[in-house]
1. Taking the range A:557-569 on its own, how many of its residues are under 30 Å from A:ILE693 (Cβ atoms) and either modelled with pLDDT of 90 or more or within 9 Å of chain B (Cβ to nearest Cβ) (or both)?
2. Among the residues of the range A:533-551, how many are within 19 Å of A:ARG297 (Cβ to Cβ), free of Cβ contacts under 8 Å to residues at least 12 places away in the same chain and either within 12 Å of chain B (Cβ to nearest Cβ) or acidic (Asp, Glu) (or both)?
3. What is the one condition in (1) facing another protein chain (nearest Cβ under 7 Å); (2) within 26 Å of B:LEU79 (Cα to Cα) that A:PRO598 does not satisfy?
4. Hey, can you tell me all the residues within the range A:709-742 that are more than 9 Å from every other protein chain (Cβ to nearest Cβ) and either surrounded by 22 or more Cβ atoms within 10 Å (Cβ to Cβ) or touching a Gly at 6+ places or on another chain (Cβ under 9 Å) (or both)?
5. Kindly state which helices (runs of 4 or more DSSP H) lie completely within the range A:1-120 and contain at least 1 residues that are among the basic types (Lys, Arg).
6. If you go through the range A:570-590 one residue at a time, do you hit one that is of a type in the set (Asp, Glu) and more than 10 Å from every other protein chain (Cβ to nearest Cβ)?
7. Can you tell me which residue is surrounded by the fewest Cβ atoms within 10 Å (Cβ to Cβ) among those in the range B:1-29 that are at the interface with chain A (Cβ under 7 Å from one of its Cβ atoms), assigned to a helix (DSSP H, G or I) and modelled with pLDDT under 90?
Amino acid sequence: MQSTMPSTTFMVLLLPFFAALFAPVLTRLFKHNAAWILALVPVLMFAHFCGFATQISEGEVVTGGYRWIPAFNVNFSWYIDGLSLTFALLITGIGALIVLYSGGYLKGHAQLGRFFSFILMFMGSMLGLVTSDSFLMFFVFWELTSITSFLLIGFDNKREASRRAALQALVVTGGGGLFLLAGLLLIWNVTGISEMSLLLRSGSGLSDSPYYLAIFILVLGGAFTKSAQFPLHFWLPNAMEAPTPVSAYLHSATMVKAGVYLLMRLNPVLGDTVVWQTVLPLFGGTTLIVGTLLAIRQTDLKLMLAYTTVSSLGLLVMLTGFGSEKAIEAAVLYLVAHSMFKGALFMVAGLVDHGAGTRDVRRLGGLMAAMPITFAAAIASAISMAGLPPFFGFLAKEEIYAALWEPGAWPLLLTLVAIVGNGLMFVIGFVVALKPFLGPRKQALSHAHEGPVLLWLGPVVLALASLGTALFSSLTHHLITSPMSSAVAGTPVEAHISLIPHIGMPLLLSAITVVFGIFAYRQVDRLRSTMFRLLETIGWGPDQGFDQFIRGIVRLSFRVTRIIHSGSLETYMKIIFILVALTILVPMVMFDELPNLPKMPESIVRYDLAIMIIAAIGLFSVVLAKDRLTAIVSLGIQGFAVALIFMLFGAPDLSFTQFMVETLSVVILALVMTRLKLTPTDHRPLHEKIIDIFISVAAATAFMLLLLKTVQVPFDPTLSDFFTRFSLSIAHGANIVNVILVDFRGTDTWGEIAVVMVAGLAILSLIRIRARPAEKIAANDPTDGEG
Amino acid sequence: MEALMTLLVGIFFAIAIYLFLSRHIIRILLGVTILGNAVNLLIFTSGRLTQEIPPILSGNAAAARQMVTANPLPQALILTAIVISFSFFAFLLVLAYRAYQELETDDIEEMRFAEPENQQLPPLGY
């Protein structure tokens, strides 16, 4: 059993990606009903992970993996403990409901197949993220969730708002991912460990390491961007541009919790320090308050929920940072409760939108009769969100107060923050669940109707799950809460909280919260307008900051490009050759490697000298030529002179090739130049010519010095001797140059032939492909037409 | 001999680079050919100008081992380089020819379709 387990898990991890491949085909065949088939994938995975539950509740962990890049000690390995298991169950369980819901929500959408693909790919990435053992695999999946989130937010790619939201989410979470990568690599460097399981078991003194602060900041950079902590929260509400199933799944139930997952995962090694216990509650608490205040001012159901998601994430970070066993237990309970009620409420918002045609609370009302099932699911989820019995949210809320109620000013402050935050979330929950359904039915909503089963199944199941997990709390604690809390705390933790209230401080605090919530609910319209005016007066937020940042980057890169990429070939050439001269000359002078003054040769063979002079004359007359023919002939002269030089110094093969090539060059050049009626003369002002002469002489001097130095150092004949000695005995060829070309270095020659062939093909296509007169180059002008 | 050859290589480089720096495509093309020769001579000279005997062996293997010939290695390199630089030259020539046909200029400062002088800021939307 144990030996077959890993490979099944491996296949389960890959399953969603395979399903994503086939989703478009299935959707083409079965239309929106493909959802029923595709939902089997998460259901299967859910069943697979359920199989681990008993084993893990006994304190075991499931591990396995394959070697991925052995040279770098990188594995593809997974590690499933209580924390991973709970996440995996949430991802697959809610995932199944979301797939069904998507089928109903996007029924008839032309790109439904693509949507299913994206959702399944996301599911696979998120599952990989929470089960990863090796750091690198964790990072890869982390970024994959960012990318799939980008694709899903920008699903409606014809609207600028969704494109902006998608890009914003990618920039913020992707950028945070880079922080995370740096943090993980730093941990790897400091401890030499690249696997989560080993890191957790090592009990390493990371918190005493001098790099602790750097690691802490880098890890937080990843966690806070992904989990939308203030002031990086702004991308999450904007991500509501995505279709509602995406908001329910990625941006409330799963992906945004990846940051919290990271903090919880690393809590045993990074937690329990003053920095951790100060910074996390500070940011978390701020996010909690800011999120709820911003939620109050919204009128769109989805946006209200989105901002409360921000605050819930803040609450989770705050509790994780608080660090006591009870706080961790509370965080775990709240995380599970939140996934259930918030996922359901988002789906309810989508249902209301679907049935009534709007999500604006001011225009909604009286839908209870038309949408009874939706109303029931909404009210149940809102009760859970408000922390009232008999739903799972109640357990979480009680545990939060039990954890935070400790002596001292700091816990007292956090308790107050929690009361205000919870109270306001209470308000939002009931605004979403009551306002659209109660009161007189608005005229415009007369056509409102209940959604199909695909749509209401999800919220109903989640509401029932909230109820069931609370009623059978001891079973829930045994299978979910206790194992997960133990994994986060690093020590065994037992959860006991149940629906039966105990008289004590937590219950009193809950009562205060409820009273505060009811009071605020009655004043919600006034609160909203107050917040609206307040934000109007501030007038700037991180969201606008993002726009300014992006515009700044575009402007900066435009300016930089204009400077280094001016579009003038002349400038490029000048820079290139000045740098060539400097790269050769500066090190030579700096390291005192200048060549000695050469001795004049005692005897010069006269015809050698004559040919060199001919070559020089040819060269100068190319530059000075007044007409085309002179230039071409002069070019020929220098080329043939080079051929003769090769001949004189014992290189007949080179000589022949050079003769042939020069002849061809001259012929082709003559053909082209006579056709084009080009003059080879230079019409530039004198000072430009002088600058050019200076640059070319400097570069040429550099090459001369280099060559002089080369011939002055002792000659190393190893290679030449090898070829000379073995040419006949190994390769059976007397012409050593030929043997080198076709035998010793045959592959090089083969590559050379390929180059010649490619050049030939390119020439052929250049000659044959011609723009039709109507669409000459001007038609390609990027400034007009579609950009 | 190498000293003289170095001087000649220097002249080759100077002329080639000077031609490269001018504004007319056709002069740049002439520069390409000359630069190819310059580099070939550079390699040839740095392999030492020793013998007038070409690197072709004669007789049996034992006798061949005793032979002293010109250095075959740079020759093999240069042979490849000549062919490549020729195909490069031919390609550039045709490219220049076609560019001239389309743009009706051979002045590189006037060939600015891809990178216009007064380029606008890209759109700032999303």
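1. The initial filter retains those residues of the range A:557-569 that are under 30 Å from A:ILE693 (Cβ atoms), namely A:562-569.
Still in the running and either modelled with pLDDT of 90 or more or within 9 Å of chain B (Cβ to nearest Cβ) (or both): A:562, A:565-569.
Qualifying residue count for the region: 6.
2. Qualifying residue count, the range A:533-551: 1.
3. So A:PRO598 meets the others, but not (2).
4. Answer for the range A:709-742, where residues must be more than 9 Å from every other protein chain (Cβ to nearest Cβ) and either surrounded by 22 or more Cβ atoms within 10 Å (Cβ to Cβ) or touching a Gly at 6+ places or on another chain (Cβ under 9 Å) (or both): just A:VAL742.
5. On the way: elements: A:5-30, A:34-38, A:40-50, A:53-57, A:82-105.
Qualifying helices (runs of 4 or more DSSP H): A:5-30.
6. Keep residues of the range A:570-590 that are of a type in the set (Asp, Glu), which gives A:570.
Subsequent filtering for residues that are more than 10 Å from every other protein chain (Cβ to nearest Cβ) retains none.
Checking the range A:570-590: not a single residue is of a type in the set (Asp, Glu) and more than 10 Å from every other protein chain (Cβ to nearest Cβ).
7. Per the criteria, the residue is B:ALA3.
The rows are residues; the columns are (1) touching a residue at least 40 places away in the same chain (Cβ under 8 Å); (2) β-branched (Val, Ile, Thr); (3) more than 8 Å from chain B (Cβ to nearest Cβ); (4) more than 30 Å from A:VAL605 (Cβ to Cβ).
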residue: A:PHE620; (1), (2), (3), (4): no, no, no, no
residue: A:ILE637; (1), (2), (3), (4): no, yes, yes, no
residue: A:SER655; (1), (2), (3), (4): no, no, yes, no
residue: A:VAL661; (1), (2), (3), (4): no, yes, no, no
residue: A:ILE668; (1), (2), (3), (4): no, yes, no, yes
residue: A:LEU676; (1), (2), (3), (4): no, no, no, yes
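The values are calculated or read from the model by the stated rules, or taken from the named source; none is laboratory data. Just so it is clear, the model here is predicted, and its values are computed rather than measured. Ideal geometry is used to build each Cβ from the backbone, glycine not excepted, and the neighbour counts take in all protein chains shown.
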